Amino acid sequence: MKRVYCLYLVVSCCCFAGYAQVTPLHQLTATGAGIGTYSQHFVDAFAAGINQAALTQLSHFTFGIYAQRRFAVQAAGWYAAAAALPTQSGTWGASISHSGYKEVNQQLIGLAYAKSLGKYISLGAQFDYVSLHIQQYGNAAALTFEGGVIGYVTKKLQAGIHVFNPLRQHY
């Protein structure tokens with residue numbers, strides 16, 4: 001019975017994804033946008049927005065473009081592009097996203113690197129430039145970073161953690 005409670009606790013903690021901002025600037029796959037999570041079945045260049053360590057699972061160059069206009073409202077537009085290139089030393093990724101419209105918008109530009117540290121663990125990090133524009137107030141920007149770790153417990157079970165802006169940079 002203790003095993004059931006422990007499993008329930010682990011699953012409960014691992015399945016929660018929350019955002020402090022109204023619109024997350026991270027690139028999510030269509031699947032990830034709906035559930036806010038990472039899956040080994042849908043690894044592509046956009047996986048870096050959820051956990052940069054996922055880039056280690058790519059075997060060839062990947063590029064993607066994503067556009068969304070929520071409720072057909074121009075102000076709720078979200079556009080993103082991402083690319084990833086696996087090399088012998090690790091996987092490099094670049095991404096850009098834009099949310100909003102002419103008067104109010106946010107942008108995130110990122111450069112990521114991920115490396116597999118053997119069979120059971122992968123690490124990834126990304127440096128970000130985040131900017132905010134409000135027409136009546138002007139522009140603000142900040143440099144920050146994010147990172148992630150994925151542990152491969154079994155062939156069918158992976159556990160990971162992702163941290164964005166751990167220094168709490170403000171703009």
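Of note:
- Taking region 93-105 as the range and being part of a strand (DSSP E or B) and in contact (Cβ under 8 Å) with a residue 24 or more places away in the chain as the test, the residues that pass are Gly93, Ser95, Ser97, Ser99, Gly100, Val104, Asn105.
- Test: residue in region 80-90 that is within 22 Å of Phe46 (Cα to Cα) and touching a residue at least 60 places away in the same chain (Cβ under 8 Å): no
- Ala53 vs. criteria in contact with a Leu (Cβ under 9 Å, 6 or more places away or on another chain) and within 15 Å of Ser131 (Cα to Cα): no
- Enumeration of residues in region 145-171 that are more than 11 Å from the chain's Cα centre (by Cα) and among the small types (Gly, Ala, Ser): Gly151, Ala159, Gly160
- The condition of being out of contact with any strand residue (DSSP E or B) (no Cβ under 6 Å at 6 or more places or on another chain) and either assigned to a loop (DSSP other than H, G, I, E, B) or open to solvent by less than 30 Å² (accessible area, probe 1.4 Å) (or both) holds for only one of Gln126, Gln88, that being Gln88.
- Restricting Ala53, Ala80 to those that are within 14 Å of the chain's Cα centre (by Cα) and in a helix (DSSP H, G or I) reduces the list to Ala53.
- Test: residue in region 146-162 that is open to solvent by 50 Å² or more (accessible area, probe 1.4 Å), assigned to a loop (DSSP other than H, G, I, E, B) and within 30 Å of Ala75 (Cβ to Cβ): no
The values are calculated or read from the model by the stated rules, or taken from the named source; none is laboratory data. A quick note: this is a predicted structure, and the numbers were derived from the prediction, not measured. Neighbour counts run over all protein chains shown; Cβ positions are idealised from the backbone, glycine included. Note: accessible area is taken over every heavy atom of the protein model, side chains too, but ligands, DNA and RNA are not part of it. Shrake-Rupley method; radii C 1.70, N 1.55, O 1.52, S 1.80 Å.
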